[in-house]
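The block underneath contains the structure these notes are about, expressed in structure tokens.
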Amino acid sequence: MLVELLSQSNYQSFNIKLAQLLGLESAIYLSALIDINEKAFRKNKIIDHGFFMVDRDYIKARTTLTKSKQEKIECELNKLGILELSNDHLKINLEILTSLVLEENEEIRRDLSNFRKAANSKNKGDYILENVKKNIDTKLPMELQQAYANWLDSVYSKINFVNKQTLFNAQKEVDAASNHNLDVALDIINIAAASGWKDMKWAVKVYKERHPNYNVIDMKAVDVDWSTSY
């Protein structure tokens, strides 16, 4: 019917700026995800920490992007910190996305430029991995820095991507669980590295199972200043 042809529900718009920066397909996909995110919020279907479920058939119907194409785009956007992934659930980092569109964050734009340069390189994986490792806090004890580096190697080897947010989330989980106790922190990180787990919550769970008397409240807290912590 003519009314169906004219209905706005049969159109999928996209941000021209994002298309210029990320490519047309990524811009279209992000537009569809933002629409889904908004609907999930209105229907109270946002789950832990802002994640929402992705219906790939629905997105294909809206954008013509196949499941494999969607997953490829997600992987690239995750490497840039724009998306966080968890099985068939996603989270859009709106702060990074907004900064990118408004050109407020030069670091993000530089990362995007460098990522594009590396895209055609045989050492693309090495470039991404080493770039993330540069964000390991140099004020941490050397053994802790090395543990994080080994963990990043393991995660990348298993799932083929990591980004700065992956590292920052892990550090936050480890700090909270260990209360800056070096031995505990090393154990948790090594558990995650052994299994290639991206989410440190799993390693914390295993650590607690192995140490039934674990109680973070009983641990000795230290100054949060990295130069004196641990």
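The values are calculated or read from the model by the stated rules, or taken from the named source; none is laboratory data. As the structure is a prediction and not an experimental result, all values here were calculated from the model. These accessible areas exclude ligands, DNA and RNA; they are computed on the full protein's heavy atoms, side chains included. Shrake-Rupley method; radii C 1.70, N 1.55, O 1.52, S 1.80 Å.
For the residues D187, D57, D137, a 1.4 Å probe over the protein chains yields an accessible-area ranking, largest first, of D57, D187, D137. Fully extending the segment from L94 to F41 would add 17.7 nm, taking 0.36 nm per residue of separation and subtracting the current Cα-Cα distance. The order of K208, K43 by accessible area, most exposed first and with a 1.4 Å probe, is K43, K208. Residue pairs exceeding 19 angstrom between C-alpha atoms, taken from K164/K198; K139/K205; K158/K208; K39/K79: K139/K205; K158/K208; K39/K79. For N93, the residues whose amide H sits under 5 Å from its own are L83, E84, ignoring neighbours fewer than 5 places away on the same chain, with H placed 1.01 Å from N.
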